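Student: Handing you this structure, nothing more for now.
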Amino acid sequence: HSAEHSTSDLAQAGMDSPVGELLGPFLESSGCEEDVISQAVQAVNDLASKKIGIGAAGNGGDCSANNNNETDNGGARRLRQGLVSMSSTLDNISEHEADANRFLWGTDSGVAAFTNEQRDAHTNKSSAKDRRKAKQELEKARKEYEAKIKAMEDAEEKDSGNAVTNMVLPDYGSGRNEKDIQVRNVGLALDTGRTLLDNGEIKFTHGHRYGLVGKNGVGKTTLLKAIASLEIEGFPRHHRILHVRQEIKAAGGDISVLDAVMEADVERNALLAEEKELLQRLEEVDNKEKEEEEAENRNVDDDAVSVIKKREILQAKIKDAASDSFAADLKRLDEVYARLSTLSADSAESRAATILSGLQFTPEMQSGPTSALSGGWRMRVSLAAALFIEPDLLMLDEPTNHLDLEAVLWLESYLVKYKHTLVVVSHDRSFLNAVCTDTIEFSNLKLTYYKGDYDTYVRTSEENTRNAMRVYQAYQDKRAHMMDFITKFRANAKRASIVQSRIKAVEKMDLEAPEPVEVEAVWTFSIPNPEPLGRPIIAVDDVTFDYAPTRDDGTKKPVSQYLLQDANFGVDLESRIGILGANGAGKSTLLNLIMDKLTPCRGSVSRNGNLRLGYFTQHSADTFDLHLSAVENMLAKFEKAEDQEMRSFLGKFQIQGTDAIKPMMMLSGGQKSRIAFAALAYQKPHVIVFDEPTNHLDMESIDALVGAVKDYRGGLIVVSHDEHFMSNCCSELWVVGEGHVTKFKGGFDDYKKETLEKTSKRIEESVKLLSAINN
């Protein structure tokens, strides 16, 4: 029996070894019996023992490695311990550590030599069962992530031929044609079963402009999609509803940008097609007056004839109609013209050109094909199409993400005059303040409505929280006072009736007690201040640059036509520079020259030899390998860092515990942004270059970033369309345009006023020029 037990114990030890953990599940999935698996594992362990002289099966791989980091073929260091082991290399004990262990108390008796927390942190204490469970959770998360990506790609492919999300044609026969929207008992959930909205209420007042706010991932975009596709039960169907998404990867086509915008109005297109069909039908019926009809049809098809004139011709025909069908067609054609008149069909081209010009499209770009545009410019086409359609309910999802500051300022001025209902999701606080008349807070599965812009909502929400805390504290104080009385006189027979009365009063108070107020802690972080550096930190002297200084025929381009000409400015540790200018003016080019990614054609960019330059963009959180953990990604970026040091550093950014060692695909968008902040702060940069840093961040993260930058004692160069971020972080403004880099004399409000005046003049000139080109 003892021999059998010994054999069984050895087999179990072998299965619990690293070899057993790796080989066992594979053989089991292949249909092998348990005895065969045990024998195979034991054979491999025996072979390993003979090869390297270590009894792997006996000690179960429990020896600690001298270094808890390793490098794989791709160069990224993997963690040996944690929720999920990312390394396939077995732990080996170094000779130095083995020698040191011999002098430690308790080693001979098998008692652990190190029992301190640091030792435990580097030793895998999880059981084989826990590790298998963790691997299963990882595989499940990976499949969910891949399914999510595939669903997004399928949705993009489905809508790849459209400039904007398809608009469902309204049913004007339903409802009482009311303009306000109110739907009660609204529920919303994801396909996974996760509830986003429970017994909520949607209420939009016609002509109001709403800002929809809430944390990333709460369900804002999902709600807008459900409204646009009329998936919400009870939502009125007689409204024109349109949702412009955050990202569109339309393939584009040979159709011009201007035509793409005009053809986006599916109702207008349907009415024009119906007009043509009705005219053909009427022409076939009215054979007796064929020549007159053809002449009138030519007039009707002529763009120079207004819809009002067409209706006057029809009104005369309806009176003289000989048959019922002929009269019915004439009446329907009159309704078509009436609707086209409401949609301002006569001014379609000029309206589309005006909107495109406001979004920085030149006349040449408007007449060119959409296929020649980049993804950011196609997003502008999508936005322009939505503004051109002028739906009864327009929903914009992060409309400023792909716009420069000039386009954002124009969009603000345009939306303020929007005559229908507007719902905006945006991270840009200043944009929401300028545009919105009301604010909707999406949190805790509810929609809460506030009057006023975003800043008013913040003040009102904070005041409501303080009032609720006072009410709850008053309840707590009163209850505690009554309970003191009850406790003190519970055993007093003379006061028994009073005590019973107080007990009933407390029970009644508890039934009507206010909800406890939970105030979330405001998350902040800091960027370590760098050590002083001698001047100049960065000096840009007479820099001239162009991507194509030589023409196709081999001749040199005049310097006056270069993208940047004789740029001069400097950066030190006290600089707070905001760089402004239209897209394509050369802002990003200037940043690349400063960071030594480009070489100037003439002039020089000098940098201090000890300069550490930090760089943070809207895509910083997308540069990580999502299959690796936060710690592993950071170790890959900073090769000299240690595992425990990096875990402690990430903890300052609330990436703690298992969040630090689980694959980043399992983290939320906000957590990924915090890891990107951590990567920036770990560099301890002397100068930070921000290129649209607030895109894809929620309000909480933006506020944390603003706070960190304010306290940071280093140089700062910012390119951003976010007025709130620029105003709070920059002390001087530089404008890039027409080949020059010049310091702007004035504040941000002065720049806004000047920009809007220039944009207004440019739009007028652009519309006139485009009209001349088309004619």
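Student: Within region 426-451, count every residue that is outside any strand (DSSP E or B) and either over 14 Å from His721 (Cβ atoms) or not acidic (Asp, Glu) (or both).
Tutor: Kept after step one, since they are outside any strand (DSSP E or B), are these residues of region 426-451: 426-437, 444-445.
Those still in the list that are either over 14 Å from His721 (Cβ atoms) or not acidic (Asp, Glu) (or both) too: 426-427, 429-437, 444-445.
Result for region 426-451: 13.
Student: So, Pro558, is that one of a type outside the set (S, T, N, Q), more than 22 Å from Ile688 (Cβ to Cβ) and touching a Phe, Trp or Tyr at 6+ places or on another chain (Cβ under 7 Å) or not?
Tutor: So Pro558 does not fit the description; no.
Student: Being open to solvent by 10 Å² or more (accessible area, probe 1.4 Å) and not in a loop (DSSP other than H, G, I, E, B) is the filter here; which residues of region 409-425 pass it?
Tutor: Trp410, Glu412, Ser413, Tyr414, Val416
Student: Mind listing just one residue for me: the one in region 191-221 that is among the hydroxyl-bearing types (Ser, Thr, Tyr) and at pLDDT 90 or above and, of those, farthest from Asp180 (Cα to Cα)?
Tutor: So the residue we want is Tyr210.
Student: If you check every pair at least six apart or on different chains, which have Cβ atoms under 8 Å apart with a residue in region 639-661 that is assigned to a helix (DSSP H, G or I) first and a residue that is open to solvent by 60 Å² or more (accessible area, probe 1.4 Å) and of a type outside the set (D, E, K, R) second?
Tutor: Gln644/Gln118; Leu650/Gln656
Student: Looking only at region 537-556, count every residue that is over 19 Å from Val741 (Cβ atoms) and assigned to a loop (DSSP other than H, G, I, E, B) and tell me the total. Show your work before the answer.
Tutor: Just the residues of region 537-556 that are over 19 Å from Val741 (Cβ atoms), to begin with: 548, 550-556.
Among the residues that remain, those that are also assigned to a loop (DSSP other than H, G, I, E, B) are: 548, 551-555.
Here the count works out to 6.
Student: Turning to a different aspect of this structure: Being of a type outside the set (D, E, K, R) and either on the phi > 0 side of the Ramachandran plot or crowded, with 21+ Cβ neighbours inside 10 Å (or both) is the filter here; which residues of region 635-660 pass it?
Tutor: If the condition is that a residue be of a type outside the set (D, E, K, R) and either on the phi > 0 side of the Ramachandran plot or crowded, with 21+ Cβ neighbours inside 10 Å (or both), then Leu635, Met646, Leu650, Phe653, Gln654, Ile655, Gly657, Ala660 are the ones that fit.
Student: Inside region 495-537, can you point out the residues that are at pLDDT below 85 and either of a type outside the set (Gly, Ala, Ser) or surrounded by 13 or more Cβ atoms within 10 Å (Cβ to Cβ) (or both)? Working first, answer last.
Tutor: Taking region 495-537 first, the residues at pLDDT below 85 are 517-523, 534-536.
Once the filter is applied, which keeps residues that are at pLDDT below 85 and either of a type outside the set (Gly, Ala, Ser) or surrounded by 13 or more Cβ atoms within 10 Å (Cβ to Cβ) (or both), region 495-537 yields Val517, Glu518, Val519, Glu520, Val522, Trp523, Arg535, Pro536.
Student: Please state which of the following conditions Tyr615 fails to meet, knowing it meets all the rest: (1) hydroxyl-bearing (Ser, Thr, Tyr); (2) under 24 Å from Val719 (Cβ atoms); (3) not in a strand (DSSP E or B).
Tutor: The number of the failed condition is (3).
Student: Further question on the same structure: Which one of the conditions (1) in a strand (DSSP E or B); (2) at pLDDT 90 or above; (3) open to solvent by 10 Å² or more (accessible area, probe 1.4 Å) does Phe569 fail to meet, given that it meets all the rest?
Tutor: Only one criterion is unmet by Phe569, namely (2).
Student: Please name all residue pairs, on different chains or six or more residues apart, with Cβ atoms under 9 Å, provided the first residue is in region 714-732 and is over 18 Å from Ala681 (Cβ atoms) and free of Cβ contacts under 8 Å to residues at least 24 places away in the same chain and the second residue is in a helix (DSSP H, G or I) and open to solvent by 40 Å² or more (accessible area, probe 1.4 Å).
Tutor: As it stands, the answer is Asn728/Lys710, since those pairs meet every condition given.
Student: Of the conditions (1) β-branched (Val, Ile, Thr); (2) open to solvent by 30 Å² or more (accessible area, probe 1.4 Å); (3) part of a helix (DSSP H, G or I), Thr599 fails just one. Which one is it?
Tutor: It is condition (3) that Thr599 fails.
Student: Now, a different point. Across region 395-408, what is the total count of residues that are more than 20 Å from the chain's Cα centre (by Cα) and either surrounded by fewer than 22 Cβ atoms within 10 Å (Cβ to Cβ) or farther than 28 Å from Thr617 by Cβ (or both)?
Tutor: Count: 0.
The values are calculated or read from the model by the stated rules, or taken from the named source; none is laboratory data. Keep in mind that this is a model prediction, so the values were computed, not measured. Using ideal geometry, Cβ is built from the backbone for each residue, glycine included, and neighbour counts are taken over all protein chains shown. What goes into the accessible areas is simple: the full protein's heavy atoms, side chains included, and nothing from ligands, DNA or RNA. Shrake-Rupley method; radii C 1.70, N 1.55, O 1.52, S 1.80 Å.
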